[in-house]
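Let me begin by presenting the structure, written as structure tokens, before commenting on it.
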Amino acid sequence: MSLRAFGPGKVILLGEHAVVYGHPALAGSISRGVTAHGAPARECGLALPAGLPVAVRRQLRAAFKVAAELTGRPAVRVTLERDLPTSMGLGSSAALSVATARLLLQAAGRRARPAEVAHVALGMEREFHGTPSGVDHTCSALGTLIEYRRRPGAEAGRARVVECPRPLHVVVALVGERSPTRSTVAALRARRERWPARYGRLFAEVGRVVHEGVAAVEQGDLEALGDVMNVNQGLLSALGLSSPGIDAMVHRLRQEGALGAKLTGAGGDGGAVVGLFERPERGVRRLTADGITCFTSQLAGPLER
Ligand code: PMV
């Protein structure tokens, strides 16, 4: 019997990086992600496509080993299929971890509830990112819009589902290449250690705007949420996480009618930029016509047909 499990990617609407230091973040799962396929086998294993760089292979195998151990090494051969760009801030490693965790739990005949899936996925995420805040895999395991917070020193964070009375649509646009999350987080950590008071103030302000943004979502006040996203982009820029390419895309999305726009994920030289739209279709058409890779996703609210 063959098995199949999906892990969605995510966008962080508010609060990336500050979430590493114990502040809240608002993140939503998207329709794109990673699907894990499982076929019966003599032993538990991961089949990787040819041509992957050695370092990527090694990391994938190490992460898979962690998940296999945590699930009792069920006899299944796993292959992965993704429709999410990697290393662009859309949580591709978390999506891969959640899809793999869900599949191995199923194959082991165990319950694949979000808490169990998140526990196994966290083990994998640590192989990919070192010390992740946990927002990516928690959002992927729950598959919805969440407010997430991991208090300093806590092993795991806590998530709360955030509901919106209006449809919450975003456009995600991709800009150039970027460094791995691990190195962007490490460089920011070094700046914070050198100048703790200044960086502490910026992180605290990110935490405050996240609270305001969550309240705006719950009230269905998309204009206020858009404004909070713009302010969050300013703070990310002050933290040294934006770039000319990201800034240009943020402005382009605003020109196309975004209520707010900002980088999403770790940022750096490039990556994904997210814009909040009441009606996203026209923006996507115009960006696509200009050769920009982009797509739309609904993060919360009543589904529109
Ligand atoms: O760029 P991504 O998808 O890896 O997002 C990372 C989010 C950070 O807040 C920058 C790091 C973390 O561990 O939360």
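The values are calculated or read from the model by the stated rules, or taken from the named source; none is laboratory data. Quick caveat: nothing in here was measured; it's all calculated off a predicted structure. Cβ atoms come from the backbone with ideal geometry, glycine included; neighbour counts cover every protein chain shown. Calculation scope for accessible area: heavy atoms of the full protein, side chains included, ligands and nucleic acids excluded. Shrake-Rupley method; radii C 1.70, N 1.55, O 1.52, S 1.80 Å.
Restricting Asp269, Asp247, Asp290 to those that are surrounded by fewer than 17 Cβ atoms within 10 Å (Cβ to Cβ), among the acidic types (Asp, Glu) and closer than 21 Å to Ser92 by Cβ reduces the list to Asp269. Scanning the range 124-133 for residues that are more than 7 Å from the ligand (Cβ to nearest atom) and modelled with pLDDT under 95 gives Glu125, Arg126, Glu127, Phe128, Gly130, Thr131. Can you confirm whether the range 228-237 contains a residue that is open to solvent by less than 10 Å² (accessible area, probe 1.4 Å) and away from the ligand (no atom under 16 Å from the Cβ)? No: the range 228-237 contains no residue that is open to solvent by less than 10 Å² (accessible area, probe 1.4 Å) and away from the ligand (no atom under 16 Å from the Cβ). Quick one: would you say Arg111 is touching a residue at least 12 places away in the same chain (Cβ under 8 Å) and not in a helix (DSSP H, G or I)? No; evaluated as a whole, the condition is false for this residue. The set of residues in the range 43-87 that are of a type in the set (A, V, I, L, M, F, W, C), open to solvent by 50 Å² or more (accessible area, probe 1.4 Å), in a loop (DSSP other than H, G, I, E, B) and touching a helix residue (DSSP H, G or I) at 6+ places or on another chain (Cβ under 8 Å) comprises Leu52, Ala75. Of all residues in the range 19-40, those satisfying the criterion of being within 16 Å of the ligand (Cβ to nearest atom) and either outside any helix (DSSP H, G or I) or basic (Lys, Arg) (or both) are Gly22, His23, Pro24, Ala25, Leu26, Ala27, Gly28, Ser29, Ile30, Arg32, Gly33, Val34. In the range 170-184 there is no residue matching the filter, namely being surrounded by fewer than 12 Cβ atoms within 10 Å (Cβ to Cβ) and away from the ligand (no atom under 13 Å from the Cβ).
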